[in-house]
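Undergrad: One structure coming up, written as structure tokens, with questions to follow.
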Amino acid sequence: MAAIDHVPLLDLTRTDSEQLDALRAAFDRVLCSGRYIMGPEVDGLEAECAALLGCKHAIGVSSGTDALLAALMALCVGPGDEVICPTYTFFATAGTIWRTGAKPVFVDSDPVTYNCVPEQIEAAITDRTRAIMPVHLFGQCADMDPIVAIGQKHGIPVVEDAAQAISARYGDRCAGTIGVFGCFSFFPSKNLGCLGDGGLVTTNDDEHARIARAMRNHGMEPKYHHHFVGGNFRIDALQAALLRIKLPHLAPATAGRRRNAQLYTEAFAAHGVASDSPTAVPPDRIGLPVAVRDHIYNQFVIRTPRREALREFLASRKIGHEVYYPVPMHMQECFRTLGHAAGQFPVAERAAAETLALPVFPELSEAEVAYVADAVAAFCKGA
Ligand SMILES: *Cc1c(COP(=O)(O)O)cnc(C)c1O
């Protein structure tokens, strides 16, 4: 076997030939069916996702972003309203709040899990708050029990941004089945990805499901009758069919991600470069992700105060890596009218400056993980 001289952050072409054949057959099935919008593939995907996640309703939509938008629209969030979300997240969380006309109200993150902090959510509630939107960042659930309790106490629905956390557990429940709505993404880099864009809205409430279903199809119910304005948030039948092939492979893929995370953890310990503190990391060490809860490692995110130097070092060894996310939402140009300033959310700002994602996708070989771990260790020892 050739010596390893590079490792990609993600390689979506390493699908085994059996699954490739099944995907091609699914494509043919849809092609020859003539049903490209809604229909049996979408129905099938929805039933299978509901069974996988253990929820009553699963509604296929056009992306994770549209899942969030449809959920907020189904809750009638609009101008004059406020929605609480973390500042350290992917843009869609805050962007969809903004697009409803509501104001995103940001909260800081926990320094260990990077998820939002329940006490800060409660402190941010006003009489305009219409929803609370925690994000299960990198594949680990936010602390949902206190968040749901806060929502119930104040009569505010919780919408889970579970885009990075499909099948991650919080106790005996799955991410996205705990709040009023759960929102998932099938973007190719997510743990369950399609061959384009796709998403899912979940709920256990019949009435919320009915409205969300109508919302994805222009608020239409019955045909050509519109009680409210929705959008075209439908998932393609083709993507649904492809996802149904990939769905049974999610559990082994998640196991592969966990194995890789474990291999990294063992390798960094063996090299003596793992920091004792996940938050206050010295220059010759790295902080490792801490699984306070079940973690599905959509990203394996380490931290170092010398992040930019580590990036250069990894690039020189052709190791893929990425910063999720370099600019927290309160510092984004498009939200400048909210009037935030640097220093307002110190934990998020430090995470944005220090964190780095390493390759963790399930098809990585042990040798590739070792190549990455050795490089990171060499960087630490050169400090
Ligand atoms: C990926 C992602 C989204 C958006 O999903 P898309 O399918 O890309 O629209 C939303 N929130 C978070 C946290 C994400 O990671």
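Nothing in this text is a laboratory measurement; each read-out follows from the coordinates by a stated rule. No experiment lies behind these values; they were computed from the predicted model shown. For neighbour counting, all protein chains shown are included, and Cβ atoms are generated from backbone atoms with ideal geometry for every residue, glycine included.
Undergrad: Gap in Å between the Cα centre of the range 165-197 and the Cα centre of the range 226-292?
TA: If we compute the Cα centre of each part, the gap is 11 Å.
Undergrad: On to the next question. Report D for the range 19-120 in µm² per second (integer): Stokes-Einstein, Kirkwood Rh on Cα pairs, 25 °C, 0.890 mPa s.
TA: Stokes-Einstein gives a translational diffusion coefficient of 148 µm²/s.
Undergrad: Shifting gears a bit: Can you tell me the length gained on complete extension of the stretch Thr337 to Ala353, counting 0.36 nm per residue apart and subtracting the Cα distance?
TA: Full-extension gain reported as 3.4 nm.
Undergrad: Taking the Cα centre of the range 300-383 as the origin, how large is its charge dipole in debye, to the nearest 20, when only Lys and Arg (+1) and Asp and Glu (-1) carry charge on their Cβ atoms?
TA: 280
Undergrad: Alpha carbon centre of the range 205-223 versus the range 314-379: separation in Å?
TA: Using only Cα atoms to place each centre, the spacing works out to 38 Å.
Undergrad: Multiply the residue gap between Met220 and Lys153 by 0.36 nm, knock off their C-alpha separation, and tell me the result in nm, one decimal place.
TA: Contour length minus Cα-Cα distance gives 20.8 nm.
Undergrad: Do the alpha carbons of any pairs in Lys56/Lys153; Lys56/Lys223; Lys223/Lys246 sit beyond 30 Å of each other, and which pairs?
TA: Going by Cα-Cα distance, Lys223/Lys246 fall outside the 30 Å limit.
Undergrad: Which three numbers, in whole Å and largest first, are the semi-axes of the equivalent ellipsoid of the range 17-248 derived from its Cα gyration tensor as √(5λ)?
TA: Working from the Cα gyration tensor, I get semi-axes of 30, 20, 14 Å.
Undergrad: What value, in deg cm²/dmol to 500, does the helix sum -39500 (n - 2.57) over DSSP H runs of n ≥ 4 give at 222 nm once divided by the residues of the chain?
TA: -12000 deg cm²/dmol
Undergrad: Taking 35 Å as R0, compute the FRET efficiency from the Cβ-Cβ separation of Val292 and Lys318 and round it to 0.05.
TA: 0.60
Undergrad: Residues of the range 195-228 with amide nitrogen under 20 Å from the 7 Å Cα-to-Cβ point of Tyr36?
TA: Residues 195-199, 217-218 fall inside that zone.
Undergrad: Related question: What dipole magnitude, in Debye to the nearest 20, does the chain give about its Cα centre under +1 on Lys/Arg Cβ and -1 on Asp/Glu Cβ?
TA: Here the size comes out at about 380 debye.
Undergrad: Which whole-number percent of Cα pairs in the range 54-188 have a distance greater than 25 Å?
TA: 14
Undergrad: Per residue, what volume in Å³ does the Cα convex hull of the range 252-380 take up?
TA: Roughly 125 Å³ of hull volume per residue.
Undergrad: What percent do you get for the relative contact order of the chain when only Cα pairs under 8 Å and 6+ apart count?
TA: The normalised contact order for the chain reaches 22 percent.
Undergrad: Along Cα→Cβ, 7 Å out, is where each label goes; now give me the distance between the ones at Val229 and Asp206 in nm to one decimal.
TA: 3.1
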